[in-house]
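Below is one structure, written out as structure tokens; comments come after it.
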Amino acid sequence: MKEKRQWICLLIVGMTLGTTWAIRGQFGHEQGAAWAGGVGAVCILLMSNRQDWYNKLFKAGLAAAIGWGLGGMMSYGIVVGYGKGSEFINVYYGMLMLFVIGGLYGFIGGGLFGLVLTDNVKNKVKWSYLMIGMVVGGLVTYFFMVMQWEWLMTPPRSEVWAVCLGMAFFLTWFLVSHKYYSALRVAAFAGLGGGFGFAFGNFLQVLGSTTDIHFNFWNVMEYSLGFFGGVGMAYGTFTSQWEDAEERPVSSNIIPVVLLVLFIPYVVWHQSFETERLQKIFSKIITTGVDSKVLFTQTIAFALILLQFGFVYWKYVHSRVGGLIQYTKKEASYFLMSHFGLYMVFSALITGAFMSTYRIEQYLYFANYAIIILVLPKLVPTYEPREINAGKWLKYFTLVLAIIAILAFIAINSHEPYPNEHRRFEF
């Protein structure tokens, strides 16, 4: 019974990050990934049943948002295209590189999230040193791997994956040298989940494209990345050793609240709800009143950002003025529902799903949301701390590589060669 409950906990976190990552497909880039990563982290905190973690609600959400969001710099469009090839070496290469890209998303996001859970008065994390080191590590790695050695993953697209790889290198060194092994465990399993999820999602997309089913299989791939990344981040969290945070409750959360609840949503709105883009989308749905619907959509989306920020500021910041901040599970739940819900509404607005049912996956998001919100209050995870076992991790890694090879073999035999298929290597 205990094991079954634990699997349900992992499933719900996976559904949360999977749904928000699928929504992220409408917005893309760093800001879209950041919103999704923040929601996934808040889901884990809410489920944790730990009062000391509820007090870190916005700090942990922001850390995960930054970590998962950094991966949004990476280009992977051409790499996804390799998966539709008919030659094993190209398809396997494409899926392996998606494993690397998805792994970087999860590793950095999970690592920064785990560090916030580790941070306390007795063991303060040197955040400034970490951030500077990650930036320098990213630039140095990019310089040598891309500019000097020309190890290109996605020519002719951006090779910023090397920057994220350098950041992951420094983050790993930082975690090991400071003996933050619990955070390292979260990073490793989030990375393993995100990497496998991206490769497996590409496999599902290839198989889906061979059917006559009219569905957004690119969205299936995105959901897969988020789902397995969320499962991995939750598994790493619930199987790590965490001390009770003896951190004094902070007197203000204004900076993480502004960044997480106002800045990231505003950037999403500013970069995505462009007039020309909305006109193009809406003109395919309605024949008259396009401009008025565009203005309505832009105004409503912006107003909702201000409304949610006002709600969060009043309930979580202003009401604590002059006192120490200590949040309850119910307050954590309200924030998850509002922040997650707003992201879904944004997706329905920008796709025009509030006017037409042509995007069926949009309504599946709401179904996922309803299940998550109904089940979450009943779940309490079991913490089963486990030691880091390098040999076992190597076995996991090797097994995943073998599974991806099998997926690549199945993929190339699922369809006829495409006339203009992407090839990384010519023979």
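Overview of values
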read-out: Among the candidates 363, 369, 334, 358, residue that is in contact with a Lys or Arg (Cβ under 9 Å, 6 or more places away or on another chain), on the phi < 0 side of the Ramachandran plot and part of a helix (DSSP H, G or I); value: 334
read-out: Members of region 125-176 found to be more than 21 Å from residue 62 (Cα to Cα) and among the charged types (D, E, K, R), listed by number; value: 150, 157, 159
read-out: Qualifying residue in region 138-148 (condition: in contact with a Leu (Cβ under 9 Å, 6 or more places away or on another chain), under 30 Å from residue 386 (Cα atoms) and surrounded by 12 or more Cβ atoms within 10 Å (Cβ to Cβ)); value: no
read-out: Check on residue 327, closer than 28 Å to residue 371 by Cβ, buried (at least 18 other Cβ atoms within 10 Å of the Cβ) and at pLDDT below 95; value: yes
read-out: Test: residue 311 is among the aromatic types (Phe, Trp, Tyr) and either in contact with a Lys or Arg (Cβ under 6 Å, 6 or more places away or on another chain) or open to solvent by 10 Å² or more (accessible area, probe 1.4 Å) (or both); value: yes
read-out: Selection from region 172-195 of residues that are surrounded by fewer than 24 Cβ atoms within 10 Å (Cβ to Cβ) and closer than 24 Å to residue 16 by Cβ; value: 182
read-out: Residue 231 open to solvent by 20 Å² or more (accessible area, probe 1.4 Å), of a type in the set (Val, Ile, Thr) and without any contact (Cβ under 8 Å) to a residue 40 or more places away in the chain; value: no
read-out: In region 382-421, the residues that are among the aromatic types (Phe, Trp, Tyr) and assigned to a helix (DSSP H, G or I); value: 393, 396, 397, 409
read-out: Residue selected from region 77-98 under the condition in contact with a Leu (Cβ under 8 Å, 6 or more places away or on another chain) and crowded, with 24+ Cβ neighbours inside 10 Å, by the criterion farthest from residue 38 (Cα to Cα); value: 83
read-out: Which numbered condition residue 101 misses (of (1) over 19 Å from the mean Cα position of the chain (by Cα); (2) touching a residue at least 60 places away in the same chain (Cβ under 8 Å); (3) open to solvent by less than 10 Å² (accessible area, probe 1.4 Å)); value: (1)
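The values are calculated or read from the model by the stated rules, or taken from the named source; none is laboratory data. Keep in mind the model is a prediction, meaning the values are calculated, not measured. Heads up, the Cβs are rebuilt from the backbone with ideal geometry, glycines too, and the neighbour counts pull from every protein chain shown. SASA here: full protein model, heavy atoms, side chains in, ligands and nucleic acids out. Shrake-Rupley method; radii C 1.70, N 1.55, O 1.52, S 1.80 Å.
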